[in-house]
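Engineer: Please find one structure pasted underneath; my questions will follow.
The values are calculated or read from the model by the stated rules, or taken from the named source; none is laboratory data. The structure presented is a predicted model; accordingly, all values stated were derived computationally and were not measured. All Cβ positions, glycine included, derive from the backbone under ideal geometry; neighbour counts span all protein chains shown. Just the protein is used for accessible areas: all its heavy atoms, side chains included, with ligands, DNA and RNA removed. Shrake-Rupley method; radii C 1.70, N 1.55, O 1.52, S 1.80 Å.
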Amino acid sequence: MGVAPLATAGQGTKPARDEGMPRHVAIIRDGNGRWASRQGLPRLMGHQAGVSTVRRITEACANRGIEVLTLYSFSTENWSRAAEEVEGLMGLARIQLAMQRSELRKSNVRVKHLGRREGLPPAVLEELDKTVEATADCTGITLVAALNYGSRQEIVDAARSLAADVAAGRIAPTEIDEAAIGARLGTAGLPDPDLMIRTAGELRLSNYLLWQASYAEFIAVPTLWPDFTEDDLARALDEFRRRRRTFGGKR
Ligand code: IPE
Ligand code: IPE
Ligand code: MG
């Protein structure tokens, strides 16, 4: 994969979001393993191939004025995979975070981490922290890397934090509301996802943004992540615009 700057609007400018466009798109980028297996390649080659899709889709979302793109990169359940694959994925994350850093900054992409720090190798955390820091003042799209992320764990952490605040007398149990919970999730401060896309055909959430995606529109496509193109994204956005969101109200 190259390291040429993403063809986004760059520092200081931000494309306007079209009417009806989601503010926040969350993607379950699945199918790397199948992509590799179908070609008789090791699974890691599929993960490697998926890296360029990340670049292309980040660029496409930024150019459409989407404010937040959250990409599921490694779940808390993915640690159960073969050690070789886990090590390969961690190596890939470390290398990409280092290699793409200056390019992300030039392209005005702000990177955030979503997930538990505990469990991630120190070398990955180091590159992650450096990239988050280097892009902290970027004002274009926010790219949220869900790495070592599990929604249930995130809710457990929020519950613990609330319990500690109650025990210390900082908040009364009756003051716990949706905002208090939302403020203690890793996504605090970000709008909820409006659109959730899952590639590679499975129809499940796999422990992704269970709280935040309450009213997200769900679109599943059969395309495997390494084959997912800007046209596939455009089709999903068109479908999103055709959906009528009622949020429990009447039609
Ligand atoms: C998604 O691709 C990436 C990660 C989960 C890390 P998979 O590796 O799950 O690909 P499939 O589902 O086996 O094809
Ligand atoms: C979800 O995909 C996690 C990521 C895309 C990183 P999985 O492949 O791990 O999910 P399942 O096993 O199909 O539910
Ligand atoms: Mg999978």
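Engineer: First obtain the Kirkwood hydrodynamic radius of the range 64-205 from its Cα pairs, then insert it into the Stokes-Einstein equation at 20 °C and 1.002 mPa s, and state the resulting D in µm² per second as a whole number.
Structural biologist: Values: Rh = 16.8 Å.
Reported coefficient: 128 µm²/s.
Engineer: Calculate the dipole size of the range 154-214 relative to its Cα centre from +1 charges on Lys and Arg beta carbons and -1 charges on Asp and Glu beta carbons; express the result in debye to the nearest 20. Spell out each step's value before the answer.
Structural biologist: Working: 5 positive and 9 negative charges, 37 e Å.
Value, rounded to 20: 180 debye.
Engineer: Still on this structure, please answer the following. On a full-extension model of 0.36 nm per residue, what is the gain between A159 and A16, subtracting their alpha-carbon distance, rounded to one decimal in nm? Present the calculation step by step, with values, prior to reporting the outcome.
Structural biologist: Working: separation 143, 0.36 × 143 = 51.48 nm, distance 3.71 nm.
Stretched fully, the A159-A16 segment lengthens by 47.8 nm.
Engineer: I would also like to ask the following. Just the accessible area per residue of the range 1-142, please: how many Å² with a 1.4 Å probe?
Structural biologist: Numbers: 6580 Å² over 142 residues.
Spelled out: the 1.4 Å probe surface of the range 1-142, per residue, equals 46 Å².
Engineer: Also, I was wondering about something else. Excluding same-chain residues fewer than 8 positions from K106, which aspartates and glutamates have a Cα within less than 15 Å of its Cα?
Structural biologist: Correct list for K106: E59, E133, D137.
Engineer: Something else about it: P(r) for the range 135-251: what percent of alpha-carbon pairs falls in each 10 Å bin, starting at zero?
Structural biologist: Binned Cα distances yield the sequence 11, 33, 34, 17, 5, 0.
Engineer: Full-extension gain between E87 and S37, please, as 0.36 nm times their residue separation minus the C-alpha to C-alpha distance.
Structural biologist: Working: separation 50, 0.36 × 50 = 18.00 nm, distance 1.85 nm.
Extra length available between E87 and S37 comes to 16.1 nm.
Engineer: Assuming 1.306 mPa s and 10 °C, estimate D for the range 208-251 with Stokes-Einstein, Rh taken as the Kirkwood radius over Cα pairs, in µm²/s.
Structural biologist: Values: Rh = 12.3 Å.
After rounding, the answer is 129 µm²/s.
Engineer: Also, quick follow-up: If you average 1/r over every pair of different alpha-carbon atoms in the chain and take one over that average, what Kirkwood value in Å do you get?
Structural biologist: Working: mean 1/r = 0.0527 Å⁻¹.
When all Cα pairs of the chain are included, the Kirkwood radius is 19.0 Å.
Engineer: For the range 71-141, what is Rg from Cα atoms divided by 2.2 N^0.38 Å, rounded to two decimals? Provide the component values of the computation, followed by the final result.
Structural biologist: Working: Rg = 12.7 Å, N = 71, 2.2 N^0.38 = 11.1 Å.
Ratio of Rg to 2.2 N^0.38 Å for the range 71-141: 1.14.
Engineer: Which percent of the accessible area of the range 141-251 is formed by carbon and sulfur heavy atoms (probe 1.4 angstrom)?
Structural biologist: Values: 2940 of 5810 Å².
Carbon and sulfur atoms account for 51 percent of the accessible area of the range 141-251.
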